[in-house]
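The values are calculated or read from the model by the stated rules, or taken from the named source; none is laboratory data. What you are looking at is a predicted structure, and each value in this text was computed from that prediction instead of being measured. Here the Cβ positions follow ideal geometry from the backbone for every residue, glycine too, while neighbour counts run over all protein chains shown.
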Amino acid sequence: MTDFDIAVAGAGIVGTSTALWAQMRGHRVVLLDPAPPGSGTSSGNACTIATYGCLPVNDPAVLTALPRLLFARDSPLSVSWSHALRNPRWMLGFLANCRRGPSRRIAGHLADLLSHADAGLNPLIAEAGAEDLILARGQLTIWSTAEAARGADAGLARRRELGVRAEEITVAEARALEPGLALPIERAVMFPEARHVQDPERLVQRFHARFEALGGTTVSARVTATRAQGDHVRITADGRTLTAGRVVLAAGAFSGAVAGSGAERLPLGTERGYHLLYSGEAHRISRPVGWAEGGFYAVPMARGLRLAGTVEIAGRDAPPNPARLAYLERRGQEMFGTLPAPTSSWLGFRPTMPDSLPVIGRSPASERIIHAFGHQHLGLTLGGITGRIACDLAEGRQPNIAIDAYRPGRRYA
Ligand SMILES: Cc1cc2nc3c(=O)[nH]c(=O)nc-3n(C[C@H](O)[C@H](O)[C@H](O)COP(=O)(O)OP(=O)(O)OC[C@H]3O[C@@H](n4cnc5c(N)ncnc54)[C@H](O)[C@@H]3O)c2cc1C
């Protein structure tokens, strides 16, 4: 007999959702993480349940605008060239997927999964009694130059083609909705079906508390290796060993470090992102506002006003880049006119495959090891549905959603 039916490595939104789904279905579940639940990338994001977010960063515009994006002082994208040269497989794959055909195909696969996001997340919110953390006020996207506003046509058309509700509103309507915005507005689009979480870390903590209340076990340890043997998997975590019938690997950007899991051979990279927090300033807006040219969101959340976003292609070990934080601060001043000095700053690691699709499926190393990572910009949104799918797979069942596009062994470019 194994120690547990299901072991989950990683207690971010993806792993904790998986653990809660599995515990709700009556399994003996252990959740392993050296850090407190929800304290990783899942804590500092832009708080948005972004069911409209099917357009990948891999966009043809990235290729045409690359030189300007990379060298301009006001660019939301930055690349460490030494990191790119050390990781050519990820970088070249990422760029290859910016071509029109792959980019459109990826958007279709993301839209498919996003269409199930609420069905995966809402039962967990209800089970954990976390409705008070969720606000349903939509998301507002702003373009502040005529050129960028025109350039948004193709993306909006693709979203609508894929079933996303996107409502064009007038500049006056946008200003009436969010009078605190000071930036020029050329175009405004409302995504009415989006919701936001008042505090994503607290959401994961609520899921975790419910998981434990239902009898789940938490072990504070880093999983270093998994080895499938016959009818079980042996898990090594900080020197101790335990056994489980199935293991779900949900360690976000760090999933590739687990030996024997099959993830160590995948081209998992990271898009680093930042936030600045202005406590006491949440009243400036009433819903998440995305500034297209700025490449970040402003979000009113429980801890204050959070400016979160931008993409930095650099290693997980590199220190925080002060230039990226200065960029956010400067652009925040443009967005709101004036802001006090930020209260705190944060750097997080989006786990990203070269094709911007998550990895969800049975590992090539063993059908007893299930991969559930790589959710890039959408982990808060997709954690619940990923958890449900991972739980189906751990039970040896076929999910009722097509998941072939996300399988670990796919071609990434
Ligand atoms: C600036 C920014 C803004 C974002 N905004 C949004 C948004 O608005 N909406 C949205 O949907 N998504 C957003 N995202 C993306 C989202 O935050 C991530 O996709 C999501 O948090 C990934 O969750 P995760 O559970 O995979 O990883 P994490 O939250 O990083 O959790 C992984 C966990 O695994 C643990 N771990 C690591 N190694 C091991 C190991 N060997 N053994 C055991 N445990 C291990 C870590 O300690 C950590 O707790 C944003 C991201 C950033 C950076």
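Residues in the stretch 363-379 that are of a type in the set (S, T, N, Q) and more than 14 Å from the ligand (Cβ to nearest atom): Ser363, Ser366. Among the residues in the stretch 112-121, are any without any contact (Cβ under 8 Å) to a residue 60 or more places away in the chain and either closer than 25 Å to Ala61 by Cβ or more than 16 Å from the ligand (Cβ to nearest atom) (or both)? Scanning the stretch 112-121 turns up no residue that is without any contact (Cβ under 8 Å) to a residue 60 or more places away in the chain and either closer than 25 Å to Ala61 by Cβ or more than 16 Å from the ligand (Cβ to nearest atom) (or both).
Across the stretch 334-361, the number of residues qualifying as touching an Asp or Glu at 6+ places or on another chain (Cβ under 7 Å) and more than 24 Å from Ile142 (Cβ to Cβ) comes to 1. Restrict the check to the stretch 44-59 and report whether at least one residue is surrounded by 19 or more Cβ atoms within 10 Å (Cβ to Cβ), assigned by TED's automatic domain parsing to the domain that holds Cys391 and of a type in the set (Asp, Glu). So far as the stretch 44-59 goes, no, none of its residues is surrounded by 19 or more Cβ atoms within 10 Å (Cβ to Cβ), assigned by TED's automatic domain parsing to the domain that holds Cys391 and of a type in the set (Asp, Glu).
The condition of being of a type in the set (A, V, I, L, M) and outside the structural domain of Ala174 (by TED's automatic domain parsing) holds for Leu32. The numbered conditions (1) part of a helix (DSSP H, G or I); (2) in contact with a Ser or Thr (Cβ under 9 Å, 6 or more places away or on another chain); (3) not acidic (Asp, Glu) are all true for Gln333 except (2). When Ser103 is tested against the conditions (1) at pLDDT below 95; (2) closer than 14 Å to Asp355 by Cβ; (3) among the hydroxyl-bearing types (Ser, Thr, Tyr), the lone failure is (1). Restricted to strands (runs of 3 or more DSSP E) entirely inside the stretch 219-322, those with at least 1 residues that are closer than 25 Å to Phe94 by Cα and either away from the ligand (no atom under 13 Å from the Cβ) or at pLDDT 95 or above (or both) are 240-249, 269-278, 289-291, 296-301, 304-313. Where the second residue is part of a strand (DSSP E or B) and within 9 Å of the ligand (Cβ to nearest atom) and the first is among the aliphatic types (A, V, I, L, M) and lies in the stretch 222-234, which pairs have Cβ atoms under 9 Å and are six or more apart or on separate chains? Pairs found: Val223/Ala9; Val223/Leu32; Val223/Ala237; Val223/Leu249; Ala225/Ala237.
To keep it simple, each residue is scored yes or no on (1) among the charged types (D, E, K, R); (2) in the same structural domain as Gly10 (by TED's automatic domain parsing); (3) over 20 Å from the mean Cα position of the chain (by Cα); (4) within 11 Å of the ligand (Cβ to nearest atom).
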residue	(1), (2), (3), (4)
Gly361	no, yes, no, no
Thr381	no, yes, no, yes
Ile385	no, yes, no, no
Ile389	no, yes, no, no
Pro399	no, yes, yes, no
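Every condition in (1) farther than 17 Å from Ile6 by Cα; (2) at pLDDT 95 or above is met by Thr386 except one, and the failing one is (1).
Against the conditions (1) loosely packed, with under 13 Cβ neighbours inside 10 Å; (2) of a type outside the set (Gly, Ala, Ser); (3) part of a loop (DSSP other than H, G, I, E, B), Asp132 satisfies every one except (3). For the stretch 80-98, the count of residues that are modelled with pLDDT of 95 or more, surrounded by fewer than 18 Cβ atoms within 10 Å (Cβ to Cβ) and either part of a helix (DSSP H, G or I) or away from the ligand (no atom under 11 Å from the Cβ) (or both) is at least one. Against the list (1) outside the structural domain of Asn58 (by TED's automatic domain parsing); (2) more than 13 Å from the ligand (Cβ to nearest atom), the condition Ala326 fails is (1).
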